Amino acid sequence: EHRRKELRESQRLRELCESMDINGNGTIERDEFIVNIQNGKLRAHLEVWGLHITDAKLFYEMLRTSADDVCDALHISDFVAGCMRLRGAASILDVQMVMHCMKTQNDRLIQFFLSGEYRFNQLGNNPTG
């Protein structure tokens with residue numbers, strides 16, 4: 001019974017996502033998501049699942065990152081799967097947001113250190129400056 005309920009809920013979310021897909025390409029772009037989260041219907045549906053979205057851009061980026069998608073749009077199936085995975089206790093969503101922020105910060109630190117190492121090596125190759 002629990003599995004059937006989850007299937008019905010995911011099917012309702014899929015139908016809602018398909019109605020958001022303005023160009024009909026099977027994906028949800030960030031702008032489409034933000035517009036639809038602001039109109040209330042999608043927000044209400046996700047809140048019933050325990051997904052209280054305070055930062056739509058960050059939530060979308062978390063779903064994109066977890067889907068390992070390289071394009072700027074998220075396939076509807078990845079969107080639905082991501083929402084199903086994050087639903088439930090707010091603490092799960094909070095942990096996911098923190099992990100996403102930490103990954104972003106880590107990537108920035110790596111770039112910073114690599115650029116510093118490059119500059120240091122350049123100084124070593126050109127001692128006069």
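Within the range 30-57, being touching a helix residue (DSSP H, G or I) at 6+ places or on another chain (Cβ under 9 Å), of a type outside the set (A, V, I, L, M, F, W, C) and over 14 Å from L86 (Cβ atoms) holds for R30, E32, N36, Q38, K41, R43, K57.
Results for (1) assigned to a loop (DSSP other than H, G, I, E, B); (2) surrounded by 17 or more Cβ atoms within 10 Å (Cβ to Cβ); (3) not charged (D, E, K, R), shown as yes or no for each residue.
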position: R3; (1), (2), (3): no, no, no
position: E6; (1), (2), (3): no, no, no
position: E9; (1), (2), (3): no, yes, no
position: R14; (1), (2), (3): no, no, no
position: C17; (1), (2), (3): no, yes, yes
position: G24; (1), (2), (3): yes, no, yes
position: F33; (1), (2), (3): no, yes, yes
position: I37; (1), (2), (3): no, yes, yes
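Number of residues in the range 54-81 that are farther than 12 Å from F33 by Cα, modelled with pLDDT of 85 or more and among the small types (G, A, S): the value is 2. When L63 is tested against (1) out of contact with any strand residue (DSSP E or B) (no Cβ under 8 Å at 6 or more places or on another chain); (2) within 14 Å of R87 (Cβ to Cβ), just one condition goes unmet, and that condition is (1). Could you please let me know if M99 is buried (at least 19 other Cβ atoms within 10 Å of the Cβ), at pLDDT 80 or above, not charged (D, E, K, R) and not in a loop (DSSP other than H, G, I, E, B)? Judged against the criteria, M99 is not a match. With respect to the conditions (1) touching a strand residue (DSSP E or B) at 6+ places or on another chain (Cβ under 7 Å); (2) under 26 Å from K103 (Cβ atoms); (3) of a type outside the set (F, W, Y), M20 lacks only one, and its number is (2). All conditions in (1) charged (D, E, K, R); (2) without any contact (Cβ under 8 Å) to a residue 24 or more places away in the chain; (3) in contact with a Phe, Trp or Tyr (Cβ under 7 Å, 6 or more places away or on another chain) hold for R3, with the sole exception of (3).
The values are calculated or read from the model by the stated rules, or taken from the named source; none is laboratory data. Computed from a predicted model, the values in this text were never measured in an experiment. Because the Cβ atoms are built from the backbone with ideal geometry, glycine has one as well, and the counts that use them run over all protein chains shown.
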